[in-house]
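K.L.:
Here's a structure for you.
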Amino acid sequence: MNIDKELDEILDDPLLDISEKEAELFAMPADMRKGMEAKKKADYVAQRKLCDDFSRYEPLFRQVHKDLKAGRRSLVRISKSINLQAGHYYIVDGQLLLLEHVGELHQGSNSMLNGRTRCVYENGTESDILLQTLRKNVVGSGYAVTELQEESDGKFFANSDLTEKDKITGYIYVLRSLSDHPAISSQQNLYKIGFSTNSVEERIANAAHEPTYLMAPVKIVATYKVANLHSQKFEDLVHQLLKAVQFHVTVVDDNGQRHEPQEWFVVPLEVIDTIIGKVMDGTILGYAYNAEQECLERHIVRKQNKIDTKGLKILTLNIKKEFFDEIVKGTKRTEYRELKQTTLNKYTYVDESDGKRYLRSYDALRLYVGYHRDRESALVQVIDTTYRDGIVAYHLGEILER
């Protein structure tokens, strides 16, 4: 069988011949063709390529990392309404980039400015990603890097700074372990941050026999005089900030007892120096430690207006952090409580007129996370209360106060 001959015969069939007028029925209209071309152009995806002049930018990236670790710059989360600016640095998915240039701008579909950019990345590549896409990436999984902030000298108290009215309340010290234990000696950036009312030299004299010093000699890396401050609170604040990078190890004392020291942290020395400085000048409350990037992250705290709760019926409840966060985000709209013998009077009442028990009506829930003094809290509107199978459900509205 000659397949080619059969195909030629089929294609030469007169029934397949069509006129020019009939062919026009299969032609794409001009406006549709224009739309398809525009869509194809819009579907262009920016691709990374090698940056030919990366040698110009490489030392800049190194300096930005040094500035971050020294506290002269910090990371900050941004909202989706913020316009990114050329010449500024950003981090996306853990990688530092420079928004080197923004081309011709136009208003995007969300009314934000949009246009092609030139972004240079610290790995030696570049792209012409859209400004709107870059903004979305920074908001979703990144940070903006703050502008350079020159740190002033004399941030810490020196002898020349003190007057007769100043009261030395203690010393904050930073130590490095000289232990030969593999789990300790192999750990880079491992430091102890502690407090002493006596001289640091006196405090560490017996370090080789004290669990808090890992049962080994230590080296003094830095000391800071603390004047007119409650030094223990000072130390507690530093430890709270670095809790995520606390070093966990078990040591055995001279009597064979096991201990888990609490004051050792895996953090660069430059960051420790910056943290202590910001504690002393009162600016640390706006910061958190970013362990992944090994630098400080600045939190923008928007002041919440206190509302007048006079006349409101408010139910106070303690709640787990994960559920609290969901309620604040708006993803959890109902808070459930089991009706028990011990909580009957809290969630219900007996109407004396008919002797029946009814649900108590509340205007809002005052939610607290845990029981510590500085716990998070929120006042949330209650729009309805229902009961079923021993469970009281509070249906939530807006966040009235945070």
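The values are calculated or read from the model by the stated rules, or taken from the named source; none is laboratory data. Source: prediction; values computed, not measured. Here Cβ is always computed from backbone atoms with ideal geometry, including for glycine, and neighbour counts include all displayed protein chains. Accessible surface is based on the protein model in full, side chains and every heavy atom, while ligands, DNA and RNA are left aside. Shrake-Rupley method; radii C 1.70, N 1.55, O 1.52, S 1.80 Å.
K.L.:
From the P(r) of the range 270-368, can you give the percent of Cα pairs sitting at distances over 19 Å?
P.N.:
Numbers: 3210 of 4851 pairs.
Considering the range 270-368, 66 percent of its Cα-Cα pairs are separated by more than 19 Å.
K.L.:
Once you have the Cα-Cα distance between A291 and H239, take 0.36 nm times their residue separation minus that, and quote the gain in nm to one decimal.
P.N.:
Values: separation 52, 0.36 × 52 = 18.72 nm, distance 1.39 nm.
Extra length available between A291 and H239 comes to 17.3 nm.
K.L.:
For the range 57-71, what does the Karplus curve 6.51 cos²θ - 1.76 cosθ + 1.60, with θ = phi - 60°, yield as ³J(HN,Hα) per residue in whole Hz, taken in order and with x for Gly and Pro?
P.N.:
Working through the residues one at a time gives 9, 4, x, 5, 5, 4, 5, 5, 4, 5, 5, 5, 6, 8, x Hz.
K.L.:
Pull up all non-local amide H partners of L400: gap of 5 or more, or a different chain, and H-to-H distance under 5 Å with H placed in the peptide plane.
P.N.:
L379, V380, Q381
K.L.:
Taking the highest mean first, how do the peptides 378-385, 78-85 order by number of other beta carbon atoms within 10 angstrom per residue?
P.N.:
Details: 378-385: 17.1, 78-85: 12.8.
Ranked by mean Cβ neighbours within 10 Å, highest first: 378-385, 78-85.
K.L.:
Something else about it: Choose one of V249, T274, L285: the residue whose Cα lies farthest towards the positive end of the charge dipole of the range 224-353 (beta-carbon charges +1 Lys, Arg; -1 Asp, Glu; about the Cα centre).
P.N.:
Farthest along the dipole direction, towards plus: L285.
K.L.:
I'd like the carbon and sulfur percentage of the solvent accessible area for the range 282-393, probe radius 1.4 Å, heavy atoms only, ligands and nucleic acids excluded. Each step should come with its number before you reach the end.
P.N.:
Details: 3560 of 7760 Å².
Percent of accessible area from carbon and sulfur atoms in the range 282-393: 46.
K.L.:
May I pose another question? Could you tell me the calculated FRET efficiency between D384 and T250, based on Cβ-Cβ distance and R0 = 45 angstrom, to the nearest 0.05? Could you put the intermediate results ahead of the total?
P.N.:
Numbers: r = 52 Å, r/R0 = 1.16.
With R0 = 45 Å, the Cβ-Cβ based efficiency is 0.30.
K.L.:
Along the Cα-to-C-beta direction of K332, a point sits 7 Å from the Cα; which residues of the range 384-402 have their amide N less than 20 Å from that point?
P.N.:
Within reach of a label on K332, which here means backbone N under 20 Å from a point 7 Å along Cα→Cβ, the range 384-402 contributes 384-388, 390-402.
K.L.:
What Kirkwood hydrodynamic radius, in Å, does the range 181-318 give when the mean of 1/r is taken over all pairs of distinct Cα atoms and then inverted?
P.N.:
Values: mean 1/r = 0.0567 Å⁻¹.
Hydrodynamic radius (Kirkwood, Cα only) of the range 181-318 equals 17.6 Å.
K.L.:
Evaluate the relative contact order of the range 303-387 (contact order divided by residue number), counting alpha-carbon pairs under 8 angstrom at least 6 apart; express in whole percent. Don't jump to the answer; show the numbers that get you there.
P.N.:
On the way: 91 pairs, mean separation 28.9, N = 85.
Relative contact order of the range 303-387: 34 percent.
K.L.:
Follow-up question, since we're still on this one. Test of understanding: what is the full-extension gain from H395 to E352, defined as 0.36 nm times their sequence separation minus their Cα-Cα distance?
P.N.:
Working: separation 43, 0.36 × 43 = 15.48 nm, distance 2.70 nm.
Length gained between H395 and E352: 12.8 nm.
K.L.:
How high is the FRET efficiency between A70 and L312 when r is their beta carbon distance and R₀ equals 45 Å, given to the nearest 0.05? Each step should come with its number before you reach the end.
P.N.:
Values: r = 49 Å, r/R0 = 1.08.
Working from the Cβ atoms, E equals 0.40.
K.L.:
Quick check on my link table: of K66/K219; K320/K346; K219/K278; K136/K243; K243/K313; K320/K340, which ones sit more than 27 Å apart, alpha carbon to alpha carbon?
P.N.:
Values: K66/K219 25 Å; K320/K346 19 Å; K219/K278 24 Å; K136/K243 30 Å; K243/K313 38 Å; K320/K340 19 Å.
Correct reply: K136/K243; K243/K313.
K.L.:
Moving on to the next point. Please calculate how many Å² of accessible area the range 287-387 carries per residue, with a 1.4 Å probe and no DNA, RNA or ligand atoms counted. Don't skip to the end; give the middle numbers.
P.N.:
On the way: 7070 Å² over 101 residues.
Roughly 70 Å² per residue, with all protein chains present.
K.L.:
Please work out whether the range 191-272 counts as rounded, prolate or oblate from its C-alpha gyration tensor, where a ≥ b ≥ c are the square roots of the eigenvalues and a/c under 1.5 means rounded, while otherwise a/b larger than b/c means prolate and anything else oblate?
P.N.:
oblate
K.L.:
Among A216, T348, V226, which residue has its Cα furthest toward the positive end of the charge dipole of the range 205-362, with +1 on Lys/Arg Cβ and -1 on Asp/Glu Cβ?
P.N.:
Checked the options; the winner is T348.
K.L.:
Given R₀ = 41 Å, FRET efficiency for N83-D53 by Cβ-Cβ distance, to 0.05?
P.N.:
On the way: r = 26 Å, r/R0 = 0.64.
After rounding to 0.05, the efficiency reads 0.95.
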